[in-house]
Amino acid sequence: STAFTDNASSKGYSINDFLVYPDFVTKEEKETLTSICEKKLRRSFGPKVEYFPIHPDSVIHQYRECSASHWGKQDEFMKEFINKKIYSMFPDQMEWLDPHVLDLDGDGEIKAHVDNIEYSGSVVAGLCLLSPAIMTMRHKDDSNIRFDVLLEPGTFYIQRDTIRYSFTHEIRLSNTTWKGNEVDRSRRISLLFRDKKI
Ligand code: AKG
């Protein structure tokens, strides 16, 4: 896929457990979803946009994050959208934690980490909005084994199984070149879906 650059598969690692769906939502859906996420963030954090500052111990810098069991006036629309468009990509019996909205400022970044295995199951999926970003996945025992994924706004991605457990993921400010072209990282919102740990 054109969304990948990698050396992990040439080293024998299957990257089939990272799935990328560019243009997963339409332009109109992107705008609607962004505005619903903005409203949700406003209800959680107030009208003033302030990001959690750089903290040496934290994985994510310059961000705000909230979980969403309700979407206010847009609750019905969002629950239907999530059921029909997102959860339908997975087996019926899968159970889900509340989705999260992650708002990463233009100078925000996510350092390499594996999502807490005590907290959620084998899937970490994200719908990307506002700004493109490059996500780097590295094998947790050998950071030279890596692949990068271009996440354009409107992309839906799934990390599951081997990739979710054995690879870290990160979005760094230093990584801005994609196949020779500059990627214009600015503020980015992602809608994150994780299954319950069974
Ligand atoms: C996480 O929540 O673990 C992330 O790294 C967020 C990934 C994303 O924003 O797509």
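In this label model, Lys73 and Val114 are separated by 4.5 nm, measuring between points 7 Å along each Cα→Cβ vector. Hydrodynamic analysis of segment 13-81 uses the Kirkwood radius over alpha carbon pairs. Inserted into Stokes-Einstein at 20 °C and 1.002 mPa s, it gives a translational diffusion coefficient of 145 µm²/s. The GNM of the chain, with springs linking C-alpha atoms under 10 angstrom apart, assigns the highest mean-square fluctuation among Asn181, Asn16, Asn144 to Asn181. Applying the Karplus relation 6.51 cos²θ - 1.76 cosθ + 1.60 with θ = phi - 60° to segment 128-138 yields 3J(HN,Hα) values of 9, 10, 6, 10, x, 8, 9, 9, 10, 10, 10 Hz, where x marks Gly and Pro.
Modelled label positions at Thr162 and Glu31, each set 7 Å beyond Cα in the direction of Cβ, lie 4.2 nm from each other.
Going from the residue with the fewest nearby Cβ atoms within 10 Å to the one with the most, His61, His100, His70, His169 rank His70, His100, His61, His169.
Residues Phe77, Phe147, ranked from the fewest to the most other C-beta atoms within 10 Å, line up as Phe77, Phe147.
Extents of segment 64-120, taken as max minus min of Cα coordinates on every principal axis and listed largest first, are 33, 29, 17 Å.
Each reported figure results from applying straightforward, stated rules to the coordinates on display, with no laboratory input. Quick caveat, the model's predicted, so the values are computed rather than measured. Note that each Cβ is placed from the backbone with ideal geometry, even for glycine, and that neighbours are counted across all protein chains shown.
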